[in-house]
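Shown next, in structure tokens, is the structure this report addresses.
Any read-out appearing in this document is the output of simple, stated calculations on the displayed coordinates, not a laboratory observation. Fair warning: this is a prediction, and the values are worked out from it, not measured in the lab. Note that we place each Cβ from the backbone using ideal geometry, even for glycine, and neighbour counts take in every protein chain shown.
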Amino acid sequence: MRLDVILRIATKIFLPFIFMFAIYVQLHGDFGPGGGFQAGVILAAGVILYTITFGERKAKEYFPEKLFEIMIPVGVLVFILTGVYSLIHGYNFLDYEAISHHGTHGQHLGVLIVEMGVLITVSGSMVTIFYNFINRD
Amino acid sequence: MILLTLMAIVVIGIIRFKNLFNVIILGSIYSFLMASILLVLDAVDVALTEASVGAGISTVLMLSALYLTKRNENPPIHNQIWPLLIALITGALLVFGTYGMPDFGIINTPIHNHVGGEYIARSISDTGIQNVVTSVLASYRGFDTLGEVTVIFTAAIGIIAILKKTKKKVK
């Protein structure tokens, strides 16, 4: 593991771009292909790549297991609370008109928040599943 | 057509190989070919998902699962004639079912005359989102997406419940 110089350098170069691409896919979901699900998976792929190259111990320093475990329910909560927010304001469940009345702003914001919830849950789940697999050996 | 032929070859490879490592890598190749086909069919969102989930994450997860088990497939214990028969019958039924489908790309089919056109026509004025897939997923069908997220949530906590190392009780 210590001797894979090419692998380690390549990972170091690629990793920022992978995370950047995940953020791009997330925020660009309104205009092109992508969204929370794909972005979450790409983000998780970056973390997994780092874990494979640099080993479990170092990866868990930067990407603590607890954080990703907490992310799983937090994402679902973000999604549900968005729905509850519009319920409280007298709209239907997940009706984004409740967030803002200026034309389509509410829809934009609502979709953004909901997609963020999807991203958090998906990346949390994928990384947690991977960590649990490698913890078993 | 070339892509479909390659996929058929990959499937034959998956059946023939006994080494599970090869099978997983071939599965990844299969997913990439599938993503290319979806790209050709202009389903970019689905292609992106297939490439990242099918070829990327699931391959890694399968490999890490393989790490916990043996590398080679065990020889079959039971007679293999019945599974083959069931697979053949199911395949024949599916092929028979495709004869009832409308021709490829034809416009006056139920899926094009129902809500689909409505979504495409109203998406921008309703939501201001250019990508209709996103507006359908997150806005019109937000409830379905919530269900989807809940499925992932459930899968994750299920796997944690099965695999998580718990501290042994000290008596």
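Some points to look at:
- B:Ile37-A:Leu27 pseudo-label distance in nm [points 7 Å out on the Cα-to-Cβ vector]: 3.6 nm
- A:Leu87-B:Thr69 FRET efficiency (beta carbon distance; Förster radius 41 Å; 0.05 resolution): 0.30
- Each part gets one Cα centre, and for the range B:60-110 versus the range A:1-56 those centres are 32 Å apart.
- Taking all Cα-Cα distances within the range B:1-73, those exceeding 16 Å account for 51%.
- Nearest 10 degrees, 0 to 90: helix A:36-54 Cα axis against chain A principal axis: 20 degrees
- Seen against the Cα atoms of chain A and their longest principal axis, helix A:65-88 is set at about 10 degrees.
- For chain A, fraction of C-alpha pairs farther apart than 28 Å, in %: 29 percent
- Cα gyration tensor category, rounded, prolate or oblate, for the protein assembly as shown with a/c compared to 1.5: oblate
- Taking a sphere under 14 Å around the Cβ of A:Lys66 and counting the other residues whose Cβ falls inside, with K and R at +1 and D and E at -1, yields a net charge of -1.
- Ordering A:Thr121, B:Thr59, A:Thr51, B:Thr98 by the number of other Cβ atoms within 10 Å of each residue's own Cβ, fewest first, gives B:Thr98, B:Thr59, A:Thr51, A:Thr121.
- Placing dummy labels 7 Å off each Cα toward the beta-carbon, the span from B:Ile107 to A:Ile9 is 5.7 nm.
- The chymotrypsin sites (Phe, Trp or Tyr not before Pro) of the range B:1-90 meeting both criteria, a DSSP state outside H, G, I, E and B (loop) and at most 16 other C-beta atoms within 10 angstrom of the site's C-beta, are B:Phe17.
- For the range B:130-140, 3J(HN,Hα) computed residue by residue from phi via the Karplus equation (6.51, -1.76, 1.60; θ = phi - 60°) reads 5, 7, 5, 4, 5, 5, 5, 5, 9, 9, 5 Hz, glycine and proline entered as x.
- Mean Cα-pair separation over length for the range B:1-151, i.e. relative contact order, pairs under 8 Å, 6 or more apart, %: 15 percent
- Backbone N within the range B:31-55 under 16 Å of label point (7 Å from B:Thr98 Cα along the Cβ vector): B:34, B:37-38, B:41
- At least 20 Å along the helix axis (C-alpha) and Kyte average at least 1.6, DSSP helices within chain B: B:2-16, B:20-40, B:81-98, B:142-163
- Percent of Cα-Cα distances greater than 19 Å, calculated over the range B:110-164: 47 percent
- Average projected area [Cα convex hull, chain B], square nanometres: 15.9 nm²
- Nearest-ten-degree value, helix A:5-27 long axis tilted from longest Cα axis of chain A: 0 degrees
- Alpha-carbon Rg with Dmax, taken over the range B:75-130, Å: 21.2, 61
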